[in-house]
Structures are given as structure tokens and as C-alpha cells.
1. Restricting attention to region 178-209, which residues are in contact with a helix residue (DSSP H, G or I) (Cβ under 9 Å, 6 or more places away or on another chain), in a loop (DSSP other than H, G, I, E, B) and over 21 Å from ARG139 (Cα atoms)?
2. Which residue out of THR168, THR159 is polar (S, T, N, Q) and touching a Lys or Arg at 6+ places or on another chain (Cβ under 9 Å)?
3. Restricting region 49-59 to residues that are assigned to a loop (DSSP other than H, G, I, E, B) and in contact with a Phe, Trp or Tyr (Cβ under 8 Å, 6 or more places away or on another chain), which is surrounded by the most Cβ atoms within 10 Å (Cβ to Cβ)?
4. Kindly list the number of the only condition in (1) within 25 Å of PHE20 (Cβ to Cβ); (2) surrounded by 15 or more Cβ atoms within 10 Å (Cβ to Cβ) that fails for TYR137.
5. With TYR148, TYR126 as the choices, which residue is without any contact (Cβ under 8 Å) to a residue 60 or more places away in the chain, outside any helix (DSSP H, G or I) and surrounded by 16 or more Cβ atoms within 10 Å (Cβ to Cβ)?
6. Going by what's in this entry, would PHE63 be described as modelled with pLDDT of 90 or more and either in contact with a Cys (Cβ under 9 Å, 6 or more places away or on another chain) or buried (at least 19 other Cβ atoms within 10 Å of the Cβ) (or both)?
7. Mind checking which residues of region 210-219 are farther than 15 Å from GLU82 by Cα and part of a helix (DSSP H, G or I)?
8. Select, from GLY102, GLY94, the only residue that is at pLDDT 95 or above, out of contact with any strand residue (DSSP E or B) (no Cβ under 6 Å at 6 or more places or on another chain) and over 20 Å from LYS227 (Cβ atoms).
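The values are calculated or read from the model by the stated rules, or taken from the named source; none is laboratory data. As the structure is a prediction and not an experimental result, all values here were calculated from the model. Quick reminder, even Gly has a Cβ in these numbers, built from the backbone with ideal geometry, and neighbours come from all protein chains shown.
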Amino acid sequence: MAMKIDRPPAPPDAHEEARFLAGPQDRTSELLRVFRIARELIRGFRALHFVGPCVSVFGSTHFADGDPYYQMGRDLGKHLAEDGFTVMTGGGPGLMEAANRGAKDAGGRSVGCNIELPHEQEPNAYLDHWITFRHFYVRKVMLVKYSYAFVGLPGGFGTMDELFEVATLVQTGKVKDFPIILMPSAFWAPLIAFMRDALVAQGTIAEHDLGHLTMMDSPEEAAQHIKDVSLKTFGLTYAQPRHKRRWFLFE
């Protein structure tokens, strides 16, 4: 006999994703939600199809202009743009804004994958183009799909979630061994030490898995490393920008 689980109804003002993750709903609602998720994926594909090649920069919202981490993010965005990359971030304030601002400083391309939150996150002022997503997992697909490298600036759970998602995809061969750079080394060194002393020592990851993460301190050297790997390892070439043309659901 199947067990029936009674769940309290979600409050009417509950966030859509909170309702989705609260457990089974009626099957019609679940089917409609699949269509809404698919629509959000298609919106992302259409919006970002022509923006690359990108480098995704992750970082906290809690560091403002004047903070050394903010300046590092701004310098990084500038050097990435000068090397021909589109700087992609989560589109919000703080270190995301810094990287986007640096790209604009250099006359480069700057895009954001913003997220709907209970306390609204507004896109920062340094974006050429942005799209706002409802679901974190759809947003993360976009941040990974169009990028040749990933840079983690200081951050919290969200930043580490994004970084470890990418590290897992590289570890399992779901994506190529794109650079994953952590900056600055002083911020990330305790985490790397923990992973070496606990995870590698206990065999939950291999030493070469830890090798996917590279600590660096110079924005210029980080951008040059990303450029070198993209050109020499993955065959990225410089070409004239593709003109937009309508093709089925993309334009």
C-alpha cells in the first residue's frame, strides 16, 4: 500500500521555486512547470547565443567600490575584455558589478544572468545585455554553457555553489577541462588546504581533481592564462563577430 504524505499548502505569496521544491504537487501543475522551465531555457539560449566567447566571473554581492576585492574584480574584467572575452556574471552588485564594470572600462562586452530573489536583485549598471531567470539551475546552465573559463572571487555559499558545480562537471567529464581560477590566493588558500587535508587524504577526491582549481593573484596574469589555454588547448580563434540572423527559435 502506497504511503500518502500530507503536506501543508504553500502560502499564496510563496516564491515559485519554493513551491516547486516543497514536494510533489498535482500532476497538471508539475507538467505546466516543466513547460515553464523549458521556456526559460529557450529564453536563455536566445538571449545568449551570440554573446561569446565568455568568461564567467563569480563573486559576492557584499563588496562595494573602494574595497580591494572590488578593484581586483574590476581589473580582471578589464584584462579579460582586452583579451577579447565577453565578461559574464550573475548580473548583480558587488564583485559581479566590478567585473562587468571593468569590461566596460575597456570597451568590451559585458553580460549578466540575473536571478529573481524574494528581496529583488537589480541588474548592475554596467551590463550591455542581461536576462533575469526564475530558477537558479537554469541560470547556472547559462553561466557554464557559454564560457571558456571561470573565475571565483571572494564570496559565500552562492559563489562556492557555482564553483563546485563547475569543478564537478570538469571532474566527471561533462565539460572540458576549462580553467577554474580562484582569486586572491589568500582568501581561498584555507579552503584548498581543507580539501587537501580532508578530501584528498580520505580519498573522496583525487589529487588531480584538486588540480582543476588554480589560485592566482594577478588579474592580468589570470586573463593571460585563460587566453593561452583557450587558444592553445581548445582552439579558440579570433574572427569577425557573427551577425545575428533568425533561425528557428534563435535570432
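1. MET183, PRO184, THR204, ILE205, ALA206
2. THR168
3. Among those that are assigned to a loop (DSSP other than H, G, I, E, B) and in contact with a Phe, Trp or Tyr (Cβ under 8 Å, 6 or more places away or on another chain), it is GLY59.
4. Of the numbered conditions (1) within 25 Å of PHE20 (Cβ to Cβ); (2) surrounded by 15 or more Cβ atoms within 10 Å (Cβ to Cβ), the odd one out for TYR137 is (2).
5. After ruling out the rest, the residue left standing is TYR126.
6. yes
7. LEU210
8. Result: GLY94 is the single residue among GLY102, GLY94 that is at pLDDT 95 or above, out of contact with any strand residue (DSSP E or B) (no Cβ under 6 Å at 6 or more places or on another chain) and over 20 Å from LYS227 (Cβ atoms).
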